[in-house]
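A.B. asks: Encoded as structure tokens, here's the structure I'll be asking about.
The values are calculated or read from the model by the stated rules, or taken from the named source; none is laboratory data. Please read all numbers here as calculations on a predicted model, not as lab measurements. Cβ placement follows ideal geometry from the backbone for every residue including glycine, while neighbour counts extend to all protein chains displayed. When the accessible area is computed, the model is the full protein with side chains, heavy atoms only, and any ligands, DNA or RNA have been set aside. Shrake-Rupley method; radii C 1.70, N 1.55, O 1.52, S 1.80 Å.
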Amino acid sequence: MTAPDNITSYRPDIDGLRAVAVLAVILYHFNPGWLPGGFTGVDIFFVISGYFIIRIILNEMAAGTFSLVDFWERRVRRIIPAMVVVLTVVSACAYYFLLIPRDLADYGRSLMAQSTLVSNWWFMQQSSYFAAPDSNIPLLHTWSLYLEAQFYLLFPLLALLLYSTVKKRLGLVMIGLAVASFVYGVFLVYVNPEYPFSIPLLPHLWGAATNSSAGFYFIASRFWELLVGGIIAAYALEIRNRQLAEVVALVGLGAIGAGLWFLSDATPFPGVAALLPVMGTAAVIVANIKHQTLARRVLSFPVLVYIGLISYSLYLWHWPLLVFARYQLIPPETLTLQNQVLLLIAIFILSVVTYHFVETPVRKKRFLAGRENLFVAAFLSMVTLFAAGFVFVGTNGFPDRVPPSARFMAASMSDLNPRQAECFTRTKIGASFDKPCLLGMQDPSKVDFVVWGDCHANIDIPAFDEFGRRTNRTGIFFGAPACQPFLTDKPITKDPICIDQLKQVAAYMQAHPTVELYIVSEWERAYKYIDYTEGSDRFSILAPLLYETLAKLPREAKITILERTQTFTETTFRSVFFKIVNGEDMPMSMPRHMWEGSLESFNRGVVEAAAQFQNVRVLKPTDTFCKGNACYIADDKGFFYADDSHLSVYGVMTNILPLLLKAQTQSAN
């Protein structure tokens, strides 16, 4: 993804390949529908980088001139100056554009990750790359740059270690490593992709990363892509027959094109699908080493070559500018064609300026010529950026930037369950490596109630915590993300975490049949976990599924089910915030009949199933959200929601806690 080093045989066609890669990524980010597999442009970059970098290393080792310090100096000159300039500008823009304080704080965390060369690890734990078109993360695209940076750190050390002992077999070692990396990536993507990612002896290092996200972001599963380019260099692969070279080059371009057009965000990736862009790029490189094929002449077209030369700057600038341009749009991808054209022009202008006035002067040592000055400047720049990120996080995103009229809503977006990291999925009773999530009085010797559900149960933890304290009781929480609270013989999920949670709940309730059970869920999602035919009444599925669940629970248990709380679309929620920011007067309530009417279909199945069991009662959050003929999303003290679906802690304590306490008082009477 960096500009080529000065080597004896310059390949303008490879700069043309860089142009294809960066344009593909940009088109994909502007609109995935334009080029569904445009994200594979990154894989093209990986092969090119591996080819040039490993070729340089091996050539210098063979000549006895290789120096780690020289190598890393060249890498710093290629990567850091333009990166620092872009991050500095983007950080300043983030302060002014990312008006939701939580978004600015998240940006700060990602900026800290950039400064410590672990951007790919950070995003592996935080986000899906394929959510990028709707993302508010200006630095998401840097994951690939830092994966390459890790390669630049690791491979030279590996080559130095092996070159003197297995010089003639270094190519075989590279092939072996490439195969192992490819197999590992396939394993992560295809075998239990949603299972928590871990490496033996380091089980808790990766946060919330899944196998699927690790397959995409982790260097071990991408190493093979860079090594494919290196293997070409190590074996000096070339095609002597001109006709064969023409065919191979065209097949390579065809494979690249197939990847760009036929792959999509629905494709398990990288996995086997990554062979298309990787092997296609390798084929183009090899076919054009000795011959001026048609493909080489096309890729050497001057405009493409120039775009390839500025591709690093293009890649750096395009995504943050796109994020900022979309930030207040509802939905985020609705840039007009005119605005898209203007944005592309701005991206190219900034990239040209960065290439000619930042990249080139530093690379050619017209600026920061001395190695020591370069390293000191790079170090201080990264420390400064880290400090800026730390300040963004430490101030919770500078909420005072937001107009006072919108500040209460901005605060609610960061008002989340403080025990989420402790409790969500950490519920294995008696397991020495995993403490249970206890609520209320937190007396593990006497658990009085169980809270079971999905993310909506998780956000209610503060209310159940306080509920337990006020009633002098101890509770325990069972829950996992997107894990519906159903005990059924049907295969409702393939998620191993969810399956494990459901088994734990069933076992715990059978072992403690008189404990009180509270079930909380976003009931709309029930239909997603069993066979569902498009066009059928999805809401009719909930009642029998919940009935089966209740029938499997002990009849001695007192069971309370919370109906679904009101939810909104993300676009509605964000639009309310930005309309308030822009001075518009937004109503904080809706008519009760509309509120209840929108929930009726979801709650009907809950009521029907519960009515068939004498030990089951249903609580209606509507009773606390609504006063008279109006239902409220806020009051004069705060906003009830943290996002479109989940309540804020204030919302939970204002609406769910009173509901629980009132129900407990009625039961006692």
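A.B. asks: Scan the range 185-209 residue by residue and report those that are among the aliphatic types (A, V, I, L, M) and open to solvent by 30 Å² or more (accessible area, probe 1.4 Å).
C.D. replies: Val186, Val191, Ile199, Leu201, Leu202, Leu205, Ala208
A.B. asks: Please determine whether any residue of the range 637-644 is farther than 27 Å from Gly468 by Cβ and out of contact with any helix residue (DSSP H, G or I) (no Cβ under 9 Å at 6 or more places or on another chain).
C.D. replies: Looking for residues that are farther than 27 Å from Gly468 by Cβ and out of contact with any helix residue (DSSP H, G or I) (no Cβ under 9 Å at 6 or more places or on another chain), one finds none in the range 637-644, hence no.
A.B. asks: Read through the list (1) of a type in the set (Ser, Thr, Tyr); (2) within 28 Å of the chain's Cα centre (by Cα); (3) open to solvent by 30 Å² or more (accessible area, probe 1.4 Å), then give the number of the only condition that Ser412 fails.
C.D. replies: Only one criterion in (1) of a type in the set (Ser, Thr, Tyr); (2) within 28 Å of the chain's Cα centre (by Cα); (3) open to solvent by 30 Å² or more (accessible area, probe 1.4 Å) is unmet by Ser412, namely (3).
A.B. asks: Would you pick out the residues in the range 231-257 that are in contact (Cβ under 8 Å) with a residue 60 or more places away in the chain and over 30 Å from Tyr163 (Cα atoms)?
C.D. replies: Ile256
A.B. asks: If you check Thr560 against the conditions, is it crowded, with 19+ Cβ neighbours inside 10 Å, touching a Pro at 6+ places or on another chain (Cβ under 9 Å) and of a type in the set (S, T, N, Q)?
C.D. replies: Judged against the criteria, Thr560 is not a match.
A.B. asks: Looking at Tyr527, Tyr532 in this structure, which one is modelled with pLDDT under 90, within 34 Å of the chain's Cα centre (by Cα) and part of a loop (DSSP other than H, G, I, E, B)?
C.D. replies: None of the others qualify; the one that does is Tyr532.
A.B. asks: Here's something else I'd like to know. If Leu170 passes every condition in (1) of a type in the set (A, V, I, L, M, F, W, C); (2) open to solvent by less than 70 Å² (accessible area, probe 1.4 Å); (3) within 18 Å of Tyr129 (Cα to Cα) but one, which one does it miss?
C.D. replies: Evaluating Leu170 over (1) of a type in the set (A, V, I, L, M, F, W, C); (2) open to solvent by less than 70 Å² (accessible area, probe 1.4 Å); (3) within 18 Å of Tyr129 (Cα to Cα) leaves (3) as the failure.
A.B. asks: Among what's in the range 84-107 and is farther than 21 Å from Val358 by Cα and open to solvent by 30 Å² or more (accessible area, probe 1.4 Å), pick the residue that is nearest to the chain's Cα centre (by Cα).
C.D. replies: Among residues in the range 84-107 that are farther than 21 Å from Val358 by Cα and open to solvent by 30 Å² or more (accessible area, probe 1.4 Å), the one nearest to the chain's Cα centre (by Cα) is Asp106.
A.B. asks: Out of the range 189-234, which residues are at pLDDT 90 or above and more than 21 Å from Thr40 (Cβ to Cβ)?
C.D. replies: Ala233, Ala234
A.B. asks: For residues that are out of contact with any Phe, Trp or Tyr (no Cβ under 9 Å at 6 or more places or on another chain) and assigned to a helix (DSSP H, G or I), scanning just the range 260-272, find the one that is farthest from Ala24 (Cα to Cα).
C.D. replies: In this case the residue turns out to be Phe262.
A.B. asks: Restricting to the range 489-521, what's the tally of residues that are closer than 16 Å to Ile561 by Cβ and either in a strand (DSSP E or B) or open to solvent by 30 Å² or more (accessible area, probe 1.4 Å) (or both)?
C.D. replies: 5
A.B. asks: Hey, any hits in the range 278-294 for a residue that's touching a residue at least 60 places away in the same chain (Cβ under 8 Å) and either among the aromatic types (Phe, Trp, Tyr) or open to solvent by 70 Å² or more (accessible area, probe 1.4 Å) (or both)?
C.D. replies: Checked against the condition, which is being touching a residue at least 60 places away in the same chain (Cβ under 8 Å) and either among the aromatic types (Phe, Trp, Tyr) or open to solvent by 70 Å² or more (accessible area, probe 1.4 Å) (or both), the range 278-294 yields no hits at all.
A.B. asks: Mind counting the residues in the range 210-222 that are within 30 Å of Lys167 (Cβ to Cβ) and open to solvent by less than 30 Å² (accessible area, probe 1.4 Å)?
C.D. replies: 4
A.B. asks: Quick check, is Val298 touching a residue at least 60 places away in the same chain (Cβ under 8 Å) and open to solvent by 10 Å² or more (accessible area, probe 1.4 Å)?
C.D. replies: For Val298, the condition - touching a residue at least 60 places away in the same chain (Cβ under 8 Å) and open to solvent by 10 Å² or more (accessible area, probe 1.4 Å) - is met.
A.B. asks: Of the conditions (1) closer than 15 Å to Val520 by Cα; (2) in contact with a strand residue (DSSP E or B) (Cβ under 8 Å, 6 or more places away or on another chain); (3) open to solvent by 20 Å² or more (accessible area, probe 1.4 Å), Thr567 clears all except one; give me its number.
C.D. replies: (2)
A.B. asks: Same structure, new question: Take the conditions surrounded by fewer than 18 Cβ atoms within 10 Å (Cβ to Cβ), modelled with pLDDT of 95 or more and within 29 Å of the chain's Cα centre (by Cα) and apply them to Phe357. Does it pass?
C.D. replies: no
A.B. asks: Could you grab me the full set of residues in the range 6-46 that are free of Cβ contacts under 8 Å to residues at least 40 places away in the same chain and not polar (S, T, N, Q)?
C.D. replies: Within the range 6-46, Tyr10, Leu27, Tyr28, Gly33, Trp34 meet the criteria.
A.B. asks: For the range 120-163, what are the residues that are among the hydroxyl-bearing types (Ser, Thr, Tyr) and at pLDDT below 90?
C.D. replies: Listed by number, the residues that qualify are Ser127, Ser128, Tyr129, Ser135, Tyr163.
A.B. asks: A further question follows. When you go through Ser110, Ser67, Ser49, Ser119 one by one, which is the residue that is without any contact (Cβ under 8 Å) to a residue 60 or more places away in the chain and crowded, with 21+ Cβ neighbours inside 10 Å?
C.D. replies: One residue alone meets the criteria, Ser119.
A.B. asks: Oh, and also: State the number of residues belonging to the range 360-380 that are part of a helix (DSSP H, G or I) and either open to solvent by less than 30 Å² (accessible area, probe 1.4 Å) or of a type outside the set (S, T, N, Q) (or both).
C.D. replies: 13
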